[in-house]
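Undergrad: The structure under discussion is supplied below as structure tokens; questions concerning it will follow.
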Amino acid sequence: MAIKMIVTDLDGTFYHQDLTYDKKRFNRLYKQMEENDIHFVVASGNQYYQLISFFDNPERMTFVSENGGYIVDKGKELFSVEIKKDIYHSIVDVINHYPEISVKIICGKKSAYAPSEMDEKTFQFFENYFPVMEKINDLHDVDDQIIKFSLMCDEDIADEIAIALSQVMDESLTAVTSGHGCIDLIVTGVHKGNALKTLMNMWNIKEDEIMAFGDARNDLEMLQIARYGFVMANGTDELKEKIGKVVPFSNEEDGELEVIEEYFLDPNGFLEKYKR
């Protein structure tokens, strides 16, 4: 038995707070992945165009963006979800009734969309996460395939707002938190875990051949699937309790790369040490 797929979240997991990582070390490990026929998969709640910007050879990798809503393998689209127009319009009306929601971004297939009243400083900040984004006068007027809603509020009330939204939304959508006050409204049943199963079926990979890394609630399903699912040292207490295996180091200390390197140094010993 050997690892055939390594899946990673980005925010709070793979890269540092300043959006950097040890690229030289990763590229060395990535070369080993390719030599061992290991698929490297980036699974994030962020925009596809942001994800590919972090890597030197994105055309050789697989990206699960928008919390599983958009999957691209080696530059080819495998899957994209769509929030139906009538549901989309009703959700815009719902979130407009929550003054606690300070940021409202519509995530489309072609671009992300922010309300025109968003100040320029805030817009420029979110361009780090949505490099293809434009302002629009009325969020009802987005002409695109809508994949999800990305919202933000104070971190200490994010769970409360997510629960409240879940109670008033159509059952076809689910509210999930991803840390730092971020709330995503995604199509029910479409998440990182669902995307992981799609890739497992395509590549004929089993649960005990997967290593995965995450730090927040939206990583739960994929970490539960992966036999070797790890929570970062800086991850949430909820995730640590439910998953069990915790990386000794945080994302700021390149904890994920430490674990991957440990695997390559002694694959059999690693699999025996961390099996569940």
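The values are calculated or read from the model by the stated rules, or taken from the named source; none is laboratory data. What you see is a predicted model; the values in this text were computed from it and never measured. Neighbour counts run over all protein chains shown; Cβ positions are idealised from the backbone, glycine included. The protein model used for the area step is the full one, side chains on, heavy atoms only, and it has no ligands, DNA or RNA in it. Shrake-Rupley method; radii C 1.70, N 1.55, O 1.52, S 1.80 Å.
Undergrad: Find the eigenvalues of the gyration tensor of the Cα atoms of region 1-145, then list the square roots of 5 times those eigenvalues as equivalent ellipsoid semi-axes, largest first, in whole angstrom.
TA: Numbers: eigenvalues 210, 61, 30 Å².
Rounded to whole Å, the semi-axes are 32, 17, 12.
Undergrad: Using only helices, what value at 222 nm comes out for the chain when you add -39,500 (n - 2.57) per DSSP H run of length 4 or more and divide by the total residues, to the nearest 500 deg cm²/dmol? Display every interim value, and only then the final one.
TA: Values: 10 runs with 91 residues, N = 276.
That calculation yields -9500 deg cm²/dmol at 222 nm.
Undergrad: May I ask you to derive the FRET efficiency for ASP154 and GLU77 from their Cβ-Cβ distance with R0 = 25 Å, giving the value to the nearest 0.05?
TA: Working: r = 36 Å, r/R0 = 1.43.
The pair ASP154/GLU77 has a calculated efficiency of 0.10.
Undergrad: Determine one quarter of the surface area of the Cα convex hull of region 135-216, which equals its mean projected area, and express it in nm² to one decimal.
TA: Working: hull surface 30.8 nm².
Computed as one quarter of the Cα hull surface, the answer is 7.7 nm².
Undergrad: When DSSP assigns beta bridges and you keep just the ones with both residues in region 147-276, what percent turn out antiparallel, to the nearest 5?
TA: Values: 9 of 14 bridges.
Expressed as a percentage, antiparallel bridges in region 147-276 total about 65.
Undergrad: Express in % the proportion of alpha carbon pairs of region 192-249 at distances exceeding 14 Å.
TA: Numbers: 778 of 1653 pairs.
Pairs farther apart than 14 Å: 47 percent.
Undergrad: Ignoring ligands, DNA and RNA, what percent of the accessible area of region 135-181 is carbon or sulfur (1.4 Å)? Can you show the working numbers first?
TA: Numbers: 1000 of 2380 Å².
So the carbon and sulfur contribution to the accessible surface is 42 percent.
Undergrad: Rounded to the nearest 10 Å², what accessible area does PHE249 have for a 1.4 Å probe in the complete protein model?
TA: Per-residue accessible area (PHE249): approximately 80 Å².
Undergrad: Label ASN268 and GLN124 with points 7 Å out from Cα along Cα→Cβ: what is the distance between them in nm?
TA: 5.7 nm
Undergrad: Hey, another quick one. How high is the FRET efficiency between ILE163 and GLU35 when r is their beta carbon distance and R₀ equals 35 Å, given to the nearest 0.05?
TA: Values: r = 46 Å, r/R0 = 1.32.
About 0.15, to the nearest 0.05.
Undergrad: Another question, if that's okay. Quick check on packing: order 267-273, 168-174 by the mean number of other C-beta atoms within 10 Å, highest mean leading.
TA: Numbers: 267-273: 13.0, 168-174: 14.6.
Averaged packing, sorted descending, gives the order 168-174, 267-273.
Undergrad: Roughly what % of DSSP beta bridges within the chain run antiparallel, to the nearest 5? Each step should come with its number before you reach the end.
TA: Working: 25 of 45 bridges.
If we restrict to bridges inside the chain, about 55 percent are antiparallel.
Undergrad: Further question on the same structure: For region 110-157, just run the numbers: alpha carbon Rg, then divide by 2.2 N^0.38 Å, N being how many residues it has.
TA: Details: Rg = 11.3 Å, N = 48, 2.2 N^0.38 = 9.6 Å.
So the Cα radius of gyration is 1.18 times the expected 2.2 N^0.38 Å.
Undergrad: Using alpha-carbon pairs under 8 Å, 6+ residues apart, how would you state the relative contact order of the chain in percent?
TA: Working: 520 pairs, mean separation 54.0, N = 276.
Value for the chain: 20 percent.
Undergrad: Assuming 0.890 mPa s and 25 °C, estimate D for the chain with Stokes-Einstein, Rh taken as the Kirkwood radius over Cα pairs, in µm²/s.
TA: On the way: Rh = 19.0 Å.
For the chosen part, D equals 129 µm²/s.
Undergrad: Could you give the Stokes-Einstein D for region 139-276 in µm² per second, using the C-alpha Kirkwood radius, 37 °C, 0.692 mPa s?
TA: Details: Rh = 16.6 Å.
So the translational diffusion coefficient is about 197 µm²/s.
Undergrad: If Lys and Arg each add +1 and Asp and Glu each add -1, what is the summed charge of the other residues whose beta carbon sits under 11 Å from the beta carbon of GLU221?
TA: Values: positive: LYS192, LYS197, ARG217, LYS242; negative: ASP219.
Every neighbour counted, the sum reads +3.
Undergrad: Shifting gears a bit: For region 6-70, report the accessible area per residue in Å² (1.4 Å probe, heavy atoms, rounded to an integer).
TA: On the way: 2430 Å² over 65 residues.
Here the residues of region 6-70 average 37 Å² of exposed surface.
Undergrad: Convert 37 °C to kelvin, take the viscosity as 0.692 mPa s, use the Kirkwood radius over C-alpha pairs of region 27-109 as Rh, and evaluate the Stokes-Einstein diffusion coefficient in µm²/s, rounded to a whole number. Let's see the in-between values first.
TA: On the way: Rh = 14.9 Å.
Answer, rounded: 221 µm²/s.
Undergrad: Need one number: nm distance between label points at VAL246 and ARG60, each 7 Å from Cα along Cα→Cβ, rounded to one decimal.
TA: Going from the VAL246 label point to the ARG60 one covers 3.6 nm.
Undergrad: I've got another one for you. Distance between Cα centroids, region 252-274 to region 144-165: provide it in whole Å.
TA: One Cα centre to the other: 34 Å.
Undergrad: Return the distance in nm (one decimal) between the two label points of a simple spin-label model at GLU117 and ASN96, each offset 7 Å from Cα along Cα→Cβ.
TA: So the label points at GLU117 and ASN96 sit 1.0 nm apart.
Undergrad: Averaging sequence separations of C-alpha pairs under 8 Å and six or more residues apart, then dividing by the length of region 171-252, give the relative contact order as a whole percent.
TA: Numbers: 133 pairs, mean separation 18.3, N = 82.
Relative contact order comes out at 22 percent.
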